[in-house]
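Please treat every number below as a calculation from the coordinates, not as lab data. What you see is a predicted model; the values in this text were computed from it and never measured. Heads up, the Cβs are rebuilt from the backbone with ideal geometry, glycines too, and the neighbour counts pull from every protein chain shown.
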Amino acid sequence: MLLPRVLTALFGIPVVLFLIYSGGPAYAVFVLTIIAVSLYEFATLMKLGSKPVQLPTLYAFGLLIPAALYFDRYSSAAAGGDNFTGFVLGLTVIGVMCYELFTEKKYLERIGLTLLGLFMVSWCLFHLVAIRDLQPAGFALTLQLIITVWVMDTAAYFMGRSFGRRQLSTISPKKTWEGAAAGFIASVATAMLIGHLSGALSLAFSAGAGVLIGIFGQVSDIAESMIKRAVGAKDSSNLLPGHGGMLDRFDSYIFLAPVIYYYAVFAL
């Protein structure tokens, strides 16, 4: 299990770093691809667990939301702005509810699960693009976020396997408090190191980012596991050998992308 995980990382890490460096449309398309695949995996998980979800609206609005955010430059309902985002978000709620009105069997749960997939995947993950486009520190902040999560996950994984004794959550039986503590410490240390090396992020800001990543990254991971556990799945797919699916690989960023983006907007 470890070898496929390492091989996938060796191939994937240089590609991701190159796309972060490139920024612009190339990086936006990369994130949009993550969103599209994750939406498919979410729908597959729901089907596996016999959970009702609206596939047409999930895919249609799931791609319209990030497109609107991109062309609206992440500004929702701004006076005098294009307002693509506000329009599409309003249309999403209307569209999902209207779709249900015209189905033979109507389920409130299907509305809720469809909206969950849309906002959890499309809305939250698109903030990865918004972070990269922040000026003047978007590149440094994106590297800090991505690399810190990698180091945090690695520290938590190996420390948990070697010294983990106390279970962190019944949702993820293999996760331990010892592993979580190691991940948190690694997160703060890595974020501060990258902030210092970049020269674009202050030590205080980087320490705060490390704390947020160490907490919300691990909670986000468990939240995605909660969905998989509810439908009886171990992984969202087998797309990435050793890592599961796209949603598994980017589960930490579901909470982190918006949290770090707004932290930077308010603090930088």
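Considering only Pro25, Ser172, Ile194, and ranking their Cα positions along the charge dipole of region 2-267 that arises from unit charges at the beta-carbon of Lys, Arg, Asp and Glu, the one farthest toward the positive end is Ser172. Look at the dipole of the chain built from charges on Cβ: of Val265, Tyr99, Met46, the Cα furthest out on the positive end belongs to Met46. Estimated at 0.36 nm per residue, the fully extended path between Ala67 and Ser22 surpasses their Cα-Cα distance by 14.3 nm. Projecting the Cα atoms of Leu203, Ala137, Ile215 onto the charge dipole of region 2-267, computed from C-beta unit charges around the Cα centre, puts Ile215 farthest toward the positive end. Using the Karplus relation 6.51 cos²θ - 1.76 cosθ + 1.60 with θ = phi - 60°, the per-residue 3J(HN,Hα) values for region 90-103 come to x, 5, 4, 4, 4, x, 5, 6, 5, 4, 5, 4, 9, 8 Hz, with x marking Gly and Pro.
Amide H contacts for Thr176 (H built 1.01 Å from N in the peptide plane; partners 5 or more residues away or on another chain; cut-off under 5 Å): Leu168.
FRET efficiency for the Leu108 to Ser169 pair, using the beta carbon distance and R₀ = 35 Å, is estimated at 0.80.
Mean sequence separation of contacting Cα pairs (under 8 Å, at least six apart), scaled by the length of region 2-267, corresponds to a relative contact order of 22 percent. Quotient of the Cα radius of gyration of the chain and 2.2 N^0.38 Å, N being its number of residues: 1.02.
From largest to smallest, the equivalent ellipsoid semi-axes obtained for region 165-222 from the alpha-carbon gyration tensor read 27, 10, 7 Å.
A cut-off of 5 Å between modelled amide H atoms, ignoring neighbours fewer than 5 places along the same chain, links Leu201 with no other residue. Phi-derived couplings, Karplus 6.51 cos²θ - 1.76 cosθ + 1.60 at θ = phi - 60°, listed residue by residue for region 192-199: 5, 5, 5, x, 5, 5, 6, x Hz, with x used for Gly and Pro. Summing Lys and Arg as +1 and Asp and Glu as -1 over all other residues whose Cβ lies under 11 Å from the Cβ of Ser38 gives a net charge of -3. Qualifying trypsin sites (Lys or Arg not before Pro) in region 16-116, where qualification requires a DSSP coil assignment and no more than 13 other C-beta atoms within 10 Å, comprise Arg73, Lys105, Lys106.
If you take the Cα centroid of region 166-192 and the Cα centroid of region 114-157, the two points sit 19 Å apart. At full extension, Phe87 and Leu48 could sit 10.8 nm farther apart than now, given 0.36 nm per residue minus the alpha carbon distance. Residues whose amide H falls under 5 Å from that of Gln54, counting only those 5 or more places apart or on a different chain, are Thr114, with hydrogens built in the peptide plane. Computed from backbone phi, the HN-Hα couplings of region 253-265 come to 7, 4, 7, 5, 4, x, 4, 6, 4, 6, 4, 5, 4 Hz, rounded to whole numbers (Karplus: 6.51 cos²θ - 1.76 cosθ + 1.60, θ = phi - 60°; Gly and Pro given as x).
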